[in-house]
Amino acid sequence: MARQTSLRMPRGRPREFDTDAAVERAMGVFWSCGYHGTSLPDLLEATNLSRGSLYAAFGDKHGLFLCALDRYIDDALARLDTELDPRKNALAGLRTCLAGYVDRTSGIAGKRGCLVVATAMELAAHDTEVEQRIRRFFKTMETRLTEALARAQAAGELADGVDSNRWIERSEKPVSGRRSRSPR
């Protein structure tokens, strides 16, 4: 006897917009204006969504913000993974990583600063979802940089006595401070 299964159709009409594109455009607004500086009308205009579509897809402004922050973090970690690919020379990867950072944070490109650092200053103290994402991002970034430094050291590409953990600690603080002070 054949079993019949019923397909459950989602309620309402199917989405008629590209969710990824909407998140990308919203990320740009949040990145430029900050969370509190971004209004719902700003998001509706940037994403070309109606209020109902935005709420149906993301729940609310905070839900859309978390999607945008996740996108930013995913993009940053994917770039880091490419730069520090363990199959390639570790020192060359570290140089590429640092040169890319300088390019992304200099001149016009660097004026917005870092979305993660700005978000940490604006929201992390009172938003546990944001704080968890930011902690996870910095821990992951630190781990990947430390692994690359260890590979470079094992290959004899760094001077004896270089403490990778201390180097990471020293390099992250000025970087985070500079990125947080970038003018909006």
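Which helices (runs of 4 or more DSSP H) does segment 96-184 wholly contain that include 1 or more residues that are acidic (Asp, Glu) and modelled with pLDDT of 90 or more?
Result: 128-154.
Can you name the condition, by its number, that Thr146 falls short on among (1) surrounded by fewer than 14 Cβ atoms within 10 Å (Cβ to Cβ); (2) touching a Ser or Thr at 6+ places or on another chain (Cβ under 6 Å); (3) not acidic (Asp, Glu)?
(1)
Check off (1) in contact with a helix residue (DSSP H, G or I) (Cβ under 6 Å, 6 or more places away or on another chain); (2) at pLDDT below 95; (3) among the hydrophobic types (A, V, I, L, M, F, W, C) for Met1 and give me the number that stays unchecked.
(1)
For segment 137-169, what are the residues that are touching a residue at least 60 places away in the same chain (Cβ under 8 Å) and within 12 Å of the chain's Cα centre (by Cα)?
Phe137, Thr140, Met141 - these are the residues of segment 137-169 that are touching a residue at least 60 places away in the same chain (Cβ under 8 Å) and within 12 Å of the chain's Cα centre (by Cα).
For Leu64, state whether it is touching a Cys at 6+ places or on another chain (Cβ under 8 Å) and either in contact (Cβ under 8 Å) with a residue 24 or more places away in the chain or aromatic (Phe, Trp, Tyr) (or both).
No.
Is one or more of the residues making up segment 65-80 at pLDDT 95 or above, among the small types (Gly, Ala, Ser) and surrounded by fewer than 12 Cβ atoms within 10 Å (Cβ to Cβ)?
yes
Please give the number of the condition Gly113 fails out of (1) in contact with a Gly (Cβ under 7 Å, 6 or more places away or on another chain); (2) within 22 Å of Val23 (Cα to Cα); (3) crowded, with 18+ Cβ neighbours inside 10 Å.
Condition (1) is where Gly113 drops out.
Looking at segment 23-49 only, could you name the residues that are over 13 Å from the mean Cα position of the chain (by Cα) and among the aromatic types (Phe, Trp, Tyr)?
Tyr35
Looking only at residues in segment 81-110 that are of a type in the set (Gly, Ala, Ser) and either within 30 Å of Ala154 (Cα to Cα) or touching a helix residue (DSSP H, G or I) at 6+ places or on another chain (Cβ under 8 Å) (or both), which one is surrounded by the most Cβ atoms within 10 Å (Cβ to Cβ)?
Gly93
Counting only residues that are of a type in the set (A, V, I, L, M, F, W, C) and under 24 Å from Asp81 (Cβ atoms), which one in segment 125-143 is surrounded by the fewest Cβ atoms within 10 Å (Cβ to Cβ)?
Only one residue fits best here, namely Phe138.
Considering only residues that are touching a residue at least 12 places away in the same chain (Cβ under 8 Å) and within 15 Å of the chain's Cα centre (by Cα), which ones fall in segment 67-89?
Correct list: Cys67, Ala68, Leu69, Asp70, Arg71, Tyr72, Ile73, Ala76, Leu77, Arg79, Leu80, Asp81.
The values are calculated or read from the model by the stated rules, or taken from the named source; none is laboratory data. Bear in mind the structure is a predicted one, so any value in this text is a computation, not a measurement. Please note: Cβ atoms are built from the backbone with ideal geometry, for glycine as well, and neighbour counts cover all protein chains shown.
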